[in-house]
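The values are calculated or read from the model by the stated rules, or taken from the named source; none is laboratory data. What you see is a predicted model; the values in this text were computed from it and never measured. Every residue, glycine among them, receives a Cβ derived from its backbone with ideal geometry; neighbour counts consider all protein chains shown. Ligands, DNA and RNA are excluded from the accessible area calculation, which covers all protein heavy atoms including side chains. Shrake-Rupley method; radii C 1.70, N 1.55, O 1.52, S 1.80 Å.
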Amino acid sequence: MWLGVARAVMLVDETMAALRPAFPGPSATGGVWMHGTSHFGSTISGPLTTILSLVAAPGVAHAVPTEPGDLEHELRPAEECKTCHLFSNAPADAGEPLYAPFIWQGTMMANAARDPVFWAGVAVADSDHPDETIECIRCHSPSAFLEGRGESKTMDDLIAKDFDGVTCDICHRMVDDGETPPGNARYVLDDVAVGESVPRRGPWAYVEEDDMKHEWIQDVSFIGDSRACGTCHDVTTPRERVDDSGLPMGRLFNEQRTYSEWLGSAFAVPGDDFRSCQDCHMVEVADVAGCVEFQDRGQTHATGARRHDLVGANRHMIEIMQAQYGTAAGGPISDTIFNEVLARTDDMLAAAASLEVGFPSAVDLAAGISDWTVTVTNESGHKLPTGYSEGRVMWLEVTATYNDERVYSSGYWDGMAIEADDQVRRYEAIAQDYADGATFHLLRNNHWVLDNRLAPRGLAVDVETDPVGDRYALTPDNTWPHVDDVSYAFEPIELVEAGPDVAAEVELSVRLLYLVNTPDYLDFLADEGGDNGSALQAILDEHGRPEPMVLAQAQAVVPLSGLLPSGDDDDATGDDDDATGDDDDTPGDDDDATGDDDDVPTGDDDDDATTDDPSSDTASVGEETAATGGSGNPPAGNGNTDGCGCRSSHSAGERGTMALVWLGLGLGAVWRRRAGGPANRRSAASRVAGG
């Protein structure tokens, strides 16, 4: 059971009594999707979020969520909903995203209890605090929790209906009791039957002649409100949070605050800029049918609907779910559904962030680069990245390439790891157990070492959601910036020209990348997660590990000067024939000067989504480019650098010496071949979309 801290509970009891009038009861408003504030409102800020996080633990006064054994009417299996709520779009909407509600089946909400990363994490948490993993099941498999299987530690402990994850009944029977605060899956479910079933809440009204398969209530006062999402998307653990000196802060550990990040942002303020969680993650559609019977007879609901693709950013796990449970694999979930959710995930990723890049107008290798600027803007309604922080990272990859050779880079992804250079710009949150510095232990964490994730627009000051570290300063309106300005500088280097047929120009690239699970984190889960960790490793061995997704990118091609002349000139190239064994005196032989060997495995892949994707464009020389990204998974490197006509092969001795030559130059040389050359040049300030 989750245990509170005594003085925190006393604080909650005293403060909640004072604030009780601010908590309205359930709204009677219904009939349309609500586009207002949450029930707690944006006018209550600061301490309220802290208070709510504290009362999220059971045993604290004023919380009456639904507990195991409480339901007289159990949750119905989602498969019953499929009969009526899975159908194709109407002909007029054939080219639009699918809006049948049962598209839900391909989402991570539906597959929350199948996620092998989750189960490996449960095993680690069980080894740390065995009595507390019921909280994990409470969120990821409400059916198991409510029916007494909350102590489950592996997938084998569940029954069939438990794999519905966050199922239809949870959301459509959930109500606001006016008391239970958001967070920690403290859902309150309607259990009062009308006729033969408990009514499901939603946006639609029906007439007596409609042949309904269950009772219904036209009410979206809660299910259509961001507060409903906050039920699970704030997570507080029982550990008391400590500061950088290890001193208690008088509050429990704020493990996840996605809902609170939104609540404290400009998007939660009523007005033209208001956006609810549903506005982005469940896009509204008008005049569509909600069930197959209505669809067949061409009857729509004027009150509209919301798509149930419930998109997030865990694309890789959806791909694994499809590989294991899709119809092509003999599973129960249509591949069409999975493909639809993947497509909508790509749309979401493309809208999450944008880049503005000030490229240098030219590059002189003898002088280096000093004027390369990048601005990252968080376009989402929460931190970027948000949610579960273990092993999640977003970062900027900056590269300069000449003749398919990486000349300069920061944050380069080599297929295995992120380049750890002095300039790398990462966005992540790192928590630890302060006592011994251990990381990746969710139920032991009590101290934030770092939280430099990019805030949403207008995020108010609140210790529950404030950044940790010295990267960001408050803006003049006393909110945290949702924009990050970064400047890059690179030292002069020596590089030999590739030959008269190769243009003296350099391709500059900036990509904003996101990795949902870092290699280090997956290795930790595989090693420490017991049987669940071994099962995860087997799945990753079969289906591969996640690759970075491209949130935004921009490229430019600019003139390059300062190249050393080509030719077999030892003084110019630094080539030592005696050291390399290369004494062939062939005119134009500059193999050693370039240091390139087509057979050297580098882990790099030329298809890194910078230019191969048809939606990726190259800016005009020296001009600033604003880029909104698309999503994509750049493939891991395969070391293939063949096909460059200016190079020839070397002996093993030559290859070793060339590696030393280039390391001596500080290049950390990694070679790659791009499938196509620079193309699709655009004018200044062009926006570059796609993966």
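Rounded to the nearest Hz, the phi-derived 3J(HN,Hα) couplings of segment 436-450 under the Karplus curve 6.51 cos²θ - 1.76 cosθ + 1.60 (θ = phi - 60°) are 10, x, 5, 10, 6, 10, 4, 7, 9, 4, 9, 8, 8, 6, 7, where x marks glycine and proline. Solvent-accessible surface of segment 224-297, taken per residue with a 1.4 Å probe and all protein chains present: 36 Å². For segment 95-140, the fraction of 1.4 Å probe accessible surface lying on carbon and sulfur atoms is 55 percent. With contacts taken as Cα pairs under 8 Å and at least 6 residues apart, segment 386-517 reaches a relative contact order of 31 percent.
For segment 245-307, the spherically averaged projection of the C-alpha convex hull amounts to 7.3 nm². Calculation over all alpha carbon pairs of segment 461-546 in 10 angstrom steps from 0 returns a P(r) of 11, 20, 19, 26, 19, 5 percent. Computed 3J(HN,Hα) for segment 302-319, one whole-Hz value per residue from the Karplus formula 6.51 cos²θ - 1.76 cosθ + 1.60 where θ = phi - 60°, is 5, 6, x, 7, 10, 5, 10, 6, 6, 6, x, 10, 8, 4, 4, 5, 5, 4, glycine and proline marked x.
With no solvent and one point on each alpha carbon, what is the Debye value of log10 I(q)/I(0) for segment 320-432 at q = 0.15, 0.16, 0.23 Å⁻¹? Scattering profile of segment 320-432, log10 relative to I(0): -0.92, -0.99, -1.30. Summary value for segment 103-258: 17 percent relative contact order, contacts being C-alpha pairs under 8 angstrom separated by 6+ residues. Sorting the segments 318-325, 298-305 by their residues' average number of neighbouring beta-carbon atoms within 10 angstrom, most packed first, yields 318-325, 298-305. Here the mean projected area of the convex hull built on the C-alpha positions of segment 84-130 is 4.7 nm².
In order along segment 89-95, phi translates into HN-Hα couplings of 4, 4, x, 5, 10, 4, x Hz, rounded to whole numbers, per the Karplus curve 6.51 cos²θ - 1.76 cosθ + 1.60 with θ = phi - 60° and x for Gly and Pro. Distance from the C-alpha centroid of segment 63-85 to that of segment 366-413: 45 Å, rounded to the whole angstrom. For segment 193-219 versus segment 502-572, the inter-centroid distance based on Cα atoms is 52 Å.
Multiply the residue separation of Ala328 and Val483 by 0.36 nm, subtract the distance between their alpha-carbon atoms, and state the gained length in nm to one decimal.
51.5 nm
Diffusion of segment 399-470 by Stokes-Einstein, at 10 °C in a medium of 1.306 mPa s and with Rh set to the Kirkwood radius over alpha-carbon pairs, works out to 105 µm²/s. Given +1 at the Cβ of Lys and Arg, -1 at the Cβ of Asp and Glu and no other charges, the dipole of segment 96-169 around its Cα centre is 200 debye to the nearest 20.
Taking the square roots of 5 times each eigenvalue of the Cα gyration tensor of segment 61-212, largest first, gives ellipsoid semi-axes of 30, 21, 14 Å. Between the residues Gln324, Cys291, Val269, the greatest Cα displacement towards the positive end of the dipole of segment 266-324, with unit charges on the Cβ of Lys, Arg, Asp and Glu, is found for Gln324.
When you work out D = kT/(6 pi eta Rh) for segment 299-340 at 25 °C and 0.890 mPa s, using the Kirkwood radius from C-alpha pairs as Rh and the Stokes-Einstein form, the result is 207 µm²/s.
Please work out whether segment 110-150 counts as rounded, prolate or oblate from its C-alpha gyration tensor, where a ≥ b ≥ c are the square roots of the eigenvalues and a/c under 1.5 means rounded, while otherwise a/b larger than b/c means prolate and anything else oblate? Here segment 110-150 falls in the oblate category. Put simply, the amide H of Phe440, placed in the peptide plane, has neighbours under 5 Å in Ala431, leaving out anything fewer than 5 places away on its chain.
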